[in-house]
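For reference, the structure discussed in these notes is given below.
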Amino acid sequence: MYVNAKVIAISYDDINVCKIKIMIIQINDYYRLHDLQLEFTRKFPFLKIEFLKTTSRDWTLSKFHLVEAERPCVCDVRNSHEEGELEINSDMTVEQFESSLVRKFSLPIKVFRKMGKIWRDTKLTCSWTLYRQNEHGKMKDDPLELFW
């Protein structure tokens, strides 16, 4: 199944950085988890999403909480099977984004931000917008920024 996603509106801020306003992704049981991850990362290159085995807000996240790669489709990681459109706005906080996936589609996820060569859990900055998280990851990807 291929990704059915479209960007609704794009704007540019004062320094000509592309800021995605709304992205809509059609979710159904046969949608591949990997495709959802790729589409999200295509729009926010310094962020990634991982699917969790539980909807619990456990602060001790480990690799044992993440869904293994052999579960390729949305239907493999959720109990209810709602279909619909997932609207992603760059002004949403990480917490809003994560909870909307659980609430609308029973898909527990976690957002991670790239920090240099590693991916960091965003639990301490979950009140930041997706745009701010991505920009922060971009800054920290610059080796010179790591020393300032």
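Structure notes:
- Residue check for LYS117: over 23 Å from ILE27 (Cα atoms), out of contact with any Phe, Trp or Tyr (no Cβ under 8 Å at 6 or more places or on another chain), at pLDDT 80 or above and charged (D, E, K, R): yes
- Verdict on SER80 being in a loop (DSSP other than H, G, I, E, B), among the small types (Gly, Ala, Ser) and either modelled with pLDDT of 90 or more or surrounded by 13 or more Cβ atoms within 10 Å (Cβ to Cβ) (or both): no
- The set of residues in segment 91-139 that are surrounded by fewer than 21 Cβ atoms within 10 Å (Cβ to Cβ), assigned to a helix (DSSP H, G or I) and among the small types (Gly, Ala, Ser) comprises SER99, SER100.
- Of all residues in segment 55-77, exactly one satisfies the criterion of being part of a loop (DSSP other than H, G, I, E, B), out of contact with any Leu (no Cβ under 9 Å at 6 or more places or on another chain) and modelled with pLDDT of 65 or more, namely GLU68.
- Among residues of segment 22-43 that are more than 15 Å from VAL111 (Cβ to Cβ), those with a beta-carbon under 6 Å from a residue that is among the small types (Gly, Ala, Ser) and surrounded by fewer than 19 Cβ atoms within 10 Å (Cβ to Cβ) at least six positions away or on a different chain give the pairs ILE22/ALA9.
- The residues of segment 32-53 that are among the β-branched types (Val, Ile, Thr) and surrounded by 18 or more Cβ atoms within 10 Å (Cβ to Cβ) amount to a single one, ILE49.
- Where ASP29 falls short, out of the listed (1) modelled with pLDDT under 70; (2) more than 17 Å from ASN134 (Cα to Cα); (3) surrounded by fewer than 16 Cβ atoms within 10 Å (Cβ to Cβ): (1)
The values are calculated or read from the model by the stated rules, or taken from the named source; none is laboratory data. Predicted model, so just to flag it, every value in this text is computed and none were measured. Heads up, the Cβs are rebuilt from the backbone with ideal geometry, glycines too, and the neighbour counts pull from every protein chain shown.
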